[in-house]
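Asks: Got a structure for you, written out below as structure tokens; questions coming shortly.
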Amino acid sequence: MSTPLVREQFLVISALGANAMELTNVLCRASHENRCAVVSTRLSRHGDHSALVLQISGNWDALARMESALPALSKKHAFTLSVIRSAAPEARPEALPYVAYVSAVYRPDILSELCQFFIDHRVALESLTCDTYQAPQTGGTMLNATLTVTLPAGTQISWLRDQFLDFADALNLDALIEPWRPQNP
């Protein structure tokens with residue numbers, strides 16, 4: 001007699017709310033109470049609101065219970081939700097992780113231009129962090145962006161680095177692209 005294969009399934013929850021701690025606590029507790037596990041989470045503050053993205057896993061029954069509990073939690077705690085079923089991430093053992101750092105005087109088109117550069121070179125975006133601030137010396141608005149990307153196998157790294165630096169120079173961006181390194185605790 002063979003045992004049935006239990007396939008782990010995933011749910012991605014995106015939530016916006018005013019209280020970061022309450023938002024995180026409510027959704028993590030609900031996940032635990034519905035026999036789901038938090039696989040990954042990202043929280044960021046944007047003005048007076050916070051954005052939380054959670055990937056949770058569980059069997060189909062646990063995820064269905066979680067999905068049905070979310071609307072009531074959203075209403076009770078005054079946050080906005082978006083929920084989608086997700087597959088496990090694809091294994092990409094041949095991909096090379098890199099990080100691109102960009103600093104520049106703020107212009108509204110910089111992020112879209114950066115994304116288009118990487119799209120044109122078949123480079124996948126894994127994560128993006130971008131902040132603006134007022135430069136203390138000049139009072140001008142500045143942008144700092146960090147993009148974690150994966151280069152496809154067979155990419156000529158020196159060629160791509162040269163292309164990226166030429167691209168950055170043409171847009172007057174201070175930029176650097178280097179191999180991703182794990183953060184030491």
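The values are calculated or read from the model by the stated rules, or taken from the named source; none is laboratory data. Being a predicted model, the structure only gives us computed values, none of them experimental. In this analysis, Cβ positions are derived from the backbone assuming ideal geometry, glycine residues included, and neighbour counts consider all displayed protein chains. Heads up: the accessible areas ignore ligands, DNA and RNA and are worked out on the full protein's heavy atoms, side chains in. Shrake-Rupley method; radii C 1.70, N 1.55, O 1.52, S 1.80 Å.
Asks: Using only DSSP helix segments of four residues or longer, with each worth -39500 (n - 2.57), what per-residue ellipticity at 222 nm results for the chain after dividing by its residue count and rounding to 500?
Replies: When only DSSP H runs of four or more count, the value is -10000 deg cm²/dmol.
Asks: Give the accessible surface of the chain per residue, rounded to a whole number of Å², with probe radius 1.4 Å and ligands, DNA and RNA excluded.
Replies: Per residue, the chain has an accessible area of 65 Å².
Asks: A further question on this structure: So if a site counts as exposed when it's one of the chymotrypsin sites (Phe, Trp or Tyr not before Pro), its DSSP state isn't H, G, I, E or B, and it has at most 15 other Cβ atoms within 10 Å, what's the longest stretch of the chain without one?
Replies: Between the exposed loop sites, the longest stretch runs 1-105.
Asks: Along the positive direction of the dipole of the chain (beta-carbon charges: Lys, Arg +1; Asp, Glu -1; about the Cα centre), which of CYS36, THR132, HIS49 reaches farthest?
Replies: Sorting the options by dipole projection puts first CYS36.
Asks: How would you classify the chain from its alpha-carbon gyration tensor, with a ≥ b ≥ c the square roots of the eigenvalues: rounded for a/c under 1.5, else prolate if a/b is greater than b/c, otherwise oblate?
Replies: In terms of gyration-tensor shape, oblate.
Asks: Heads up, I need the accessible area for MET66: 1.4 angstrom probe, whole protein in place, Å², nearest 10.
Replies: So the heavy atoms of MET66 present about 0 Å² to solvent.
Asks: Can you compute the label reach from TRP180? Point 7 Å from Cα along the Cβ direction, backbone N cut-off under 13 Å, restricted to the range 75-104.
Replies: Answer for the range 75-104: 90-100.
Asks: How far, in degrees from 0 to 90, does helix 60-77 lean away from the longest principal axis of the Cα atoms of the chain, to the nearest 10?
Replies: Roughly 80 degrees between the two axes.
Asks: Here is a further query. Once both axes come from the Cα atoms, what is the angle between helix 110-120 and the longest principal axis of the chain, in degrees from 0 to 90, rounded to 10?
Replies: Once rounded, the angle reads 80 degrees.
Asks: Let me ask another. Accessible area of the range 97-179 with a 1.4 Å probe: how many percent of it is carbon plus sulfur?
Replies: 52 percent
Asks: Over the range 52-97, what per residue volume does the convex hull of the Cα atoms give, in whole Å³?
Replies: Taking only Cα atoms, the range 52-97 has a hull volume of 94 Å³ per residue.
Asks: Quick one: how many Å² of ILE110 are accessible to a 1.4 Å probe, rounded to 10?
Replies: 0 Å²
Asks: Taking N as the number of residues in the range 9-86, what is its alpha-carbon radius of gyration divided by 2.2 N^0.38 Å?
Replies: For the range 9-86, the normalised Cα radius of gyration is 0.99.
Asks: In nm, to one decimal, how far is the modelled label at SER44 from the one at THR146, with both set 7 Å along Cα→Cβ?
Replies: 1.1 nm
Asks: Could you calculate the FRET efficiency of TRP60 with THR80 from 1/(1 + (r/R0)^6), where r is the beta carbon distance between them and R0 is 30 Å, rounded to 0.05?
Replies: 0.75
Asks: Stick to the Cα atoms of the range 97-179, pair each with every other, and give me the Kirkwood hydrodynamic radius in Å at one decimal.
Replies: For the range 97-179, the Kirkwood estimate is 13.2 Å.
Asks: Between exposed trypsin sites (Lys or Arg not before Pro) in the chain, where DSSP calls loop and at most 10 other Cβ atoms lie within 10 Å, what's the longest gap?
Replies: Maximal segment without exposed cleavage sites: 8-121.
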